Amino acid sequence: MIWTYFIIFLLAAIPFFEVLLIVPVAIIGGIPAIPVIIIAFLGNLLTIILLIVFVDSVRNWRKKKKGNKEKSESKNKRAKNIWDKYGLPGLAFIGPFFVGSHLTALLAISFGGTRTKTLVLMTFSIAIWAILLGSAAYLGFDSLVKDEEGFGFITRLLDLNK
């Protein structure tokens, strides 16, 4: 089981997999929800911390990188629109859903957010997304799994076994 959690940690740390994808997939796959949420959160947060600490190096690397320019510009526009409308808190909480947490953190600092505020808000954002998606995956999947009484809470709700 340790290898499973290690893989969850690593996948959550990879941009575009992150908490948004890994948490629901792992929970639906049958791995216990609370450890998945915590481990995925820590994996995603670790790379966000590293990104914020080394933001200048990452920014220079992105400038040199070629390819997927239109896609990046499209994502940057969405993030900039969120920034203009809601500021740093809005970008930190909405951005991970639209452009991913790593790019959100990088763009938040690029748009003028301080490293400390960005880190604090991104930490809360990742935690909230992990808990919400983990809860949704757990509760949604649990309601579909057949148990000894029928199909979970749906059977109890409709009293189909009477």
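Please treat every number below as a calculation from the coordinates, not as lab data. Owing to the predicted nature of the structure, the values given are computational and were not obtained by experimental measurement. With ideal geometry, Cβ positions are generated from the backbone for all residues, glycine too; neighbour counts draw on all protein chains shown.
What to note about this one:
- Total formal charge among the other residues, if their Cβ is under 15 angstrom from that of Ala92, Lys/Arg +1 and Asp/Glu -1: +3
- Label-to-label distance, nm, for residues given as Phe16 and Asn81 (7 Å Cα→Cβ offset): 2.1 nm
- Length released on extending from Leu139 to Ile2, taking residue separation times 0.36 nm less the Cα-Cα span: 46.9 nm
- Modelled this way, with points 7 Å down the Cα-to-C-beta line, the labels at Ala127 and Asn60 are 3.4 nm from one another.
- Shown for Met122, Met1: other C-beta atoms within 10 Å of each C-beta, ranked fewest to most, produce the order Met1, Met122.
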